[in-house]
Amino acid sequence: MNHTQSPFSSSDDDAATMTTAQQVVNFSTSSAGSGNSTSMGPTLGGSRHWRDVFWLGIFLLHLILVGLALGVLGLNRFRKKDRLNIDQYTNRFLENQAGLTEDYWPLYAIAGAISTVIGWIWLLLLGSRSNQMMKVSVHLLTTYLAVLSVCCFWGKLFFWGVAFAIGSGLQFLYIMSVIDRLPFTMLVLQRAVKMVWKLPEVMRVACVFMLVMLVWLALWSFGAAGVVASSIGDSGRWWLLVVFSVSLFWTGAVLCNTVHVIVSGMVFLVLIHGGREAASMPRNPLLQSLRYAVTTSFGSICYGSLFTAAIRTLRWEIRGFRSKIGNNECLLCCVDFLFHLVETLVRFFNKYAYVQIAVYGKSFNHSARDAWELFQSTGVEALIGYDCSGAVLLMGTLLGGLITGTCAVILTRIKHPDREIMMGSTAILMGMVLVGLAMVVVESAVTSIYICYAEDPLLIHRWDPEFFNQMSETLHQRLEHRSSRVRVGSSQN
């Protein structure tokens, strides 16, 4: 694997990289009919070493401590106020009328059931209505955020009204900035759905992990209900909920990325061996992938789950904004600085690392760096930057979370109108986690397709020749677009 230049390399280096990438594209296109495929040599069936053990220990310790805290806070208000006499340590913070855990715990249960149903509906309709569902997610999210903003202003919740209005505006601007990329994005998502729909076992994995998440959410919501019911002041309760929400986000990300690793390993093997029923396919590949994901590679998953989601979202926003700046040199200079900074972070924290983890058993940073250098050395990074499939799936996840939060607010408003914002905001996170476990199945297939295309394009050609031709054509167009930008920059300099 060739090491590439850093994101801060000069235009001459970029031109050389694109020339090399163009040669790779031409080679893969010309040899597509030869039928010879490079042997990747995945180590899914071999022995592996434990990776990122430190982060595995941190995550497990965090689960134990947070689980104890949730149990204590929920039990303290369960059927009896201040059952464990905790209020004696928080007397100076007592500002509200205390409630009971069971006043709010059933509302969290309903929110969890709603988000689970949304996730299962997504999985059930994945094969027949996936394209329509993705289009609805893209266009409905902007409208839904605007409606929520109006409702918040009408209910005199000005902070949340402004927040949802800003969110709706940013969503609209992002869609406008990438609207020309959506046809290719939908094409990639359709092919990813085609892949996972032929692997029913990966759908069952997603359902099983949703059930595992529901078990943890039962404890999490028990403790969160105890916090909402407590007599601590609003600031104290909000701080506790923020801490528990960060914990839930990390736990949910770990479970999502565990599914990501399992599905990626399965999809990668299917592409390499030419089909699910191929004679060369390893025995019980799903069980092997599951075993590695929850043992030797689990520390790498815990480590990557802390950072990848935030960095990836920031990169999408900056890319969309950067493409629409125009000739404002001052603003372009500032955005380019942020862009190169984020690109440097992406080099060490990206979702494609999970495919390398699944197949080769590397540590997270090693996997992320190898995947990104592979993309840059072959030019496929230009195709990935053009694809918005991750953002589209995130929109569906956000929409599912917002629907769950809206239902929780409506139910809470009936009996406890002073706690509706706390219940609604935490229910949104619950919904996003559960719906995200359904969405990650498709995202795993997308990342595996790109890794396979970068390592050996013939794998994609053997699986779907028409899709291979469309990917190669789009990659050629993106490389030409980059080359023209480099020439313009060189002439200006």
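The values are calculated or read from the model by the stated rules, or taken from the named source; none is laboratory data. This structure is a prediction, so every number in the text was calculated from the model and none was measured. Cβ atoms come from the backbone with ideal geometry, glycine included; neighbour counts cover every protein chain shown. For the accessible areas, the whole protein counts, side chains as well, though only heavy atoms, and no ligand, DNA or RNA atoms are used. Shrake-Rupley method; radii C 1.70, N 1.55, O 1.52, S 1.80 Å.
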Checking Val488 against (1) open to solvent by 10 Å² or more (accessible area, probe 1.4 Å); (2) modelled with pLDDT of 90 or more, the condition it does not meet
(2)
Do we find a residue being loosely packed, with under 14 Cβ neighbours inside 10 Å, more than 25 Å from Gly405 (Cα to Cα), modelled with pLDDT under 80 and among the aliphatic types (A, V, I, L, M) anywhere in the range 77-94?
yes
Count of the range 410-420 residues which are open to solvent by less than 70 Å² (accessible area, probe 1.4 Å) and closer than 16 Å to Leu241 by Cα
2
For the range 397-420, how many residues are in a helix (DSSP H, G or I) and either at pLDDT below 90 or among the basic types (Lys, Arg) (or both)?
7
Filter the range 272-289 for residues that are over 22 Å from His366 (Cβ atoms) and part of a helix (DSSP H, G or I); the one that is most open to solvent (accessible area, probe 1.4 Å) is Leu287
Out of everything in the range 132-156 that is open to solvent by less than 40 Å² (accessible area, probe 1.4 Å) and not aliphatic (A, V, I, L, M), what residue ends up being modelled with the highest pLDDT?
Ser149
If you check every pair at least six apart or on different chains, which have Cβ atoms under 6 Å apart with a residue in the range 454-482 that is under 20 Å from His273 (Cα atoms) and part of a helix (DSSP H, G or I) first and a residue that is among the aromatic types (Phe, Trp, Tyr) and open to solvent by less than 60 Å² (accessible area, probe 1.4 Å) second?
Ala454/Phe375; Ile460/Tyr453; Ile460/Phe468; His461/Phe468
Restricting attention to the range 294-318, report how many residues are at pLDDT below 90, open to solvent by 40 Å² or more (accessible area, probe 1.4 Å) and either within 18 Å of Phe209 (Cβ to Cβ) or not aromatic (Phe, Trp, Tyr) (or both).
6
Just to be sure before I move on: is Met423 more than 19 Å from the chain's Cα centre (by Cα), hydrophobic (A, V, I, L, M, F, W, C) and open to solvent by less than 30 Å² (accessible area, probe 1.4 Å) in the structure I sent?
yes
